[in-house]
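Only the coordinates and a few stated rules stand behind these numbers; no lab work does. Quick caveat: nothing in here was measured; it's all calculated off a predicted structure. Cβ: placed from backbone, ideal geometry, glycine included. Neighbour counts: every protein chain shown.
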Amino acid sequence: MTGSVLDILIYVFDRYMLDEAPEVPEREDLARDLQQAGFAHANVERALDWLAGLAIEHGRPRIAGNGQSMRIYCDGELTRLSTECRGYLLTLERLGILSPHQREIVIDRMLALDTDELDTEQLKWVVLMVLSSQPGQEGAFERMETLMDDGRLSAPH
């Protein structure tokens, strides 16, 4: 198995972030574990870089918003993020699951995935990873999980 970057991220998320594991291992140990699980070295390194990028996002300045602002996407974002993805993000923000700050982190992490075609299934996983990486977001995480499990939330048409 070579596994895409997202496959590796989901594996790490399931194994270390959802379980009551004491801590995520250091980068070298995690890389060794992932390679022993059958993931290709190059993809493991890209996935670990993606996770490091997520950790850096904690230092991003907060975006203040009153709920009346609108996100304008640049050409590169429009090319990579489908209409469905952008609609899904807007819906999550309106439901109070994502703040404007978290939306920006999700967009950044989506664009950092090594794939040309980004879809809402990938987006859902990235949203869960972003929410789980931030303290105090347990309620939003649970709401997102429930929406995913129920399949009630679909992208607007």
Along each of its three principal axes, how wide is the spread of alpha-carbon positions in the chain, in whole angstrom units, largest first?
47, 34, 32
For residue 118, which sequence-distant residues (separation of 5 or more, or a different chain) have an amide H within less than 5 Å of its own amide H, given hydrogens modelled in the peptide plane?
82
So how far apart, in nm, are the two label points at residue 60 and residue 112 if each is 7 Å from Cα heading toward Cβ?
0.9 nm
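At a Förster radius of 22 Å, what calculated FRET efficiency corresponds to the Cβ-Cβ distance of residue 73 and residue 52, to the nearest 0.05? Mind showing how you got there, number by number?
On the way: r = 25 Å, r/R0 = 1.14.
For residue 73 and residue 52, the calculated efficiency is 0.30.
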Please report, for the Cα atoms of the stretch 91-139, the Rg to one decimal and the Dmax as a whole number; what are they, in angstrom?
10.7, 32
Per residue, the convex hull enclosing the Cα atoms of the stretch 78-118 spans a volume in Å³ of 58 Å³
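Counting other Cβ atoms within 10 Å, keep those with at most 11, restrict to DSSP loop, and tell me which GluC sites (Glu not before Pro) in the stretch 98-146 are left.
117
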